[in-house]
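The values are calculated or read from the model by the stated rules, or taken from the named source; none is laboratory data. These numbers come from a predicted model, not from an experiment. Neighbour counts are summed over all protein chains in view; Cβ atoms, including those assigned to glycine, are modelled from backbone coordinates with ideal geometry. With ligands, DNA and RNA removed, areas are computed over all heavy atoms of the protein, side chains included. Shrake-Rupley method; radii C 1.70, N 1.55, O 1.52, S 1.80 Å.
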Amino acid sequence: VTSLLDRLRAQGWRLTPQRRAVATILDGEHVHLTAEQVLAGARRVVPELSQATVYNTLNELVAMGEVNEVRVKGTASQYDPNVGDRHHHLVCHSCGMVYDVHPVGIDDLALARDERHGFSLDEVEVTFRGICSSCAERGAATRA
Ligand SMILES: [Zn+2]
Ligand SMILES: [Zn+2]
């Protein structure tokens, strides 16, 4: 898996310090950040970074197909640079942590013709939900 920055460089994306800060924050595995989190992280590198620049850069990266906007019920949109690898999500419904996962049997998943409602299908998104181990530990500690 090539990094987001490498992909952007290869495309000749204009890497201003502001845009580089945004792309750097989003680089990596299992990265799913809200726009607020991207702004906070990128401001550690470029303190004068404006919210508008972060939003514009995120929209541009999504439009380029280099970042996926993940909408998980109950949280703000999260930005995910892991676009090369078809994956699904495992979400903690307590802290909102999101992991990339590759479910077994997903290739055989089918929707019966009479349930397609005339759609031609092009993608399937599966979200697994539960409690992550740190939230489970915290919960156990609170109860103890
Ligand atoms: Zn959690
Ligand atoms: Zn993801």
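Below are the figures for this structure:
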| quantity | calculated |
| --- | --- |
| Residues that are of a type in the set (D, E, K, R) and open to solvent by less than 100 Å² (accessible area, probe 1.4 Å), drawn from the stretch 114-140 | Arg116 |
| The lone exception for Glu60 - which of (1) acidic (Asp, Glu); (2) in a loop (DSSP other than H, G, I, E, B); (3) modelled with pLDDT of 90 or more it fails | (2) |
| Residue identified as within 22 Å of Glu123 (Cβ to Cβ) and within 16 Å of ligand 2 (Cβ to nearest atom) among Asp80, Asp27 | Asp80 |
| Among residues of the stretch 58-113, those that are under 25 Å from Leu39 (Cβ atoms), open to solvent by 80 Å² or more (accessible area, probe 1.4 Å) and among the aliphatic types (A, V, I, L, M), counted | 1 |
| Those residues of the stretch 41-83 which are over 20 Å from Glu29 (Cβ atoms) and among the small types (Gly, Ala, Ser), in sequence order | Ser50, Ala52, Ala63, Gly74, Ala76 |
| For Trp13: the one exception among (1) farther than 23 Å from His89 by Cβ; (2) under 19 Å from the mean Cα position of the chain (by Cα) | (2) |
| Single residue of the stretch 70-84 satisfying the filter (more than 18 Å from Thr2 (Cβ to Cβ) and charged (D, E, K, R)) that is farthest from the chain's Cα centre (by Cα) | Lys73 |
| Complete set of residues in the stretch 127-144 that are assigned to a loop (DSSP other than H, G, I, E, B) and either in contact with a Gly (Cβ under 9 Å, 6 or more places away or on another chain) or modelled with pLDDT under 90 (or both) | Ile131, Ala144 |
| Criterion (touching a Gly at 6+ places or on another chain (Cβ under 8 Å) and under 25 Å from Ser3 (Cα atoms)) met by exactly one of Leu26, Leu90, Leu61 | Leu90 |
| Residue within the stretch 101-112 that is free of Cβ contacts under 8 Å to residues at least 60 places away in the same chain, assigned to a loop (DSSP other than H, G, I, E, B), more than 13 Å from ligand 2 (Cβ to nearest atom) and within 30 Å of Trp13 (Cα to Cα) present | no |
| Residue within the stretch 85-96 that is free of Cβ contacts under 8 Å to residues at least 60 places away in the same chain, within 16 Å of ligand 1 (Cβ to nearest atom), within 11 Å of the chain's Cα centre (by Cα) and not in a loop (DSSP other than H, G, I, E, B) present | yes |
